[in-house]
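The values are calculated or read from the model by the stated rules, or taken from the named source; none is laboratory data. Please read these numbers as outputs of a predicted model, since none were measured by experiment. Neighbour counts are summed over all protein chains in view; Cβ atoms, including those assigned to glycine, are modelled from backbone coordinates with ideal geometry.
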Amino acid sequence: MARVFVVDDDQVVRRLAQAILRRGGHQVVALDNGQAALDALEQSTPDIVITDLMMPRMDGLELVRRIRAEARWAALPIVVLTARGTSADLRRAREAKADRFLTKPFSSAQLLDMVEDLTATG
């Protein structure tokens, strides 16, 4: 079981990801923007962060950059989730040092496989 932060300004996407991940046996903290995710990280570090790319207050790329800038979170697996999925988006996510990129719409299997792959131990 992994502890997952799902960060997306779209309530429907947050609820869908939360339902999928909970059915997969994971704990989920749902957050609606990058700043809320940073604030939550100060309180508790998850096993993985899944963040939307385009959000108000702080977008997903800035969230990834800030997480990577902190030594205590530098190895935290991060998945960037987006509806656009262009090659430019993928390049920017890689440059920000996101671990994976998942395009909306996604399947339950895709999401669960990615979380399990990135949080597998030993």
* **Residues located in segment 81-122, provided they are modelled with pLDDT under 95, exposed (fewer than 13 other Cβ atoms within 10 Å of the Cβ) and under 19 Å from residue 5 (Cβ atoms)** => 120, 121
* Give the residues of segment 32-54 that are farther than 21 Å from residue 110 by Cβ, surrounded by 16 or more Cβ atoms within 10 Å (Cβ to Cβ) and not polar (S, T, N, Q), sorted by residue number. => 32, 34, 36, 37, 38, 40, 41
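Could you tell me which residue of segment 78-104 is nearest to residue 8 (Cα to Cα), considering only residues that are hydroxyl-bearing (Ser, Thr, Tyr) and in a strand (DSSP E or B)? So that I can check it myself, show each step before the final result.
The initial filter retains those residues of segment 78-104 that are hydroxyl-bearing (Ser, Thr, Tyr), namely 82, 86-87, 103.
Narrowing further to those that are in a strand (DSSP E or B): 82, 103.
On the way: 82: 9, 103: 13 Å.
Looking at residues that are hydroxyl-bearing (Ser, Thr, Tyr) and in a strand (DSSP E or B), I get 82.
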* **Cβ pairs under 7 Å, 6+ apart, first in segment 85-110 and among the hydroxyl-bearing types (Ser, Thr, Tyr), second in a loop (DSSP other than H, G, I, E, B) and surrounded by 11 or more Cβ atoms within 10 Å (Cβ to Cβ)** => 103/85
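Yes/no per residue for (1) touching a Leu at 6+ places or on another chain (Cβ under 6 Å); (2) at pLDDT below 95; (3) assigned to a loop (DSSP other than H, G, I, E, B); (4) not hydroxyl-bearing (Ser, Thr, Tyr):
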| position | (1), (2), (3), (4) |
| --- | --- |
| 18 | no, no, no, yes |
| 42 | no, no, no, yes |
| 50 | yes, no, no, yes |
| 57 | no, yes, yes, yes |
| 76 | no, no, yes, yes |
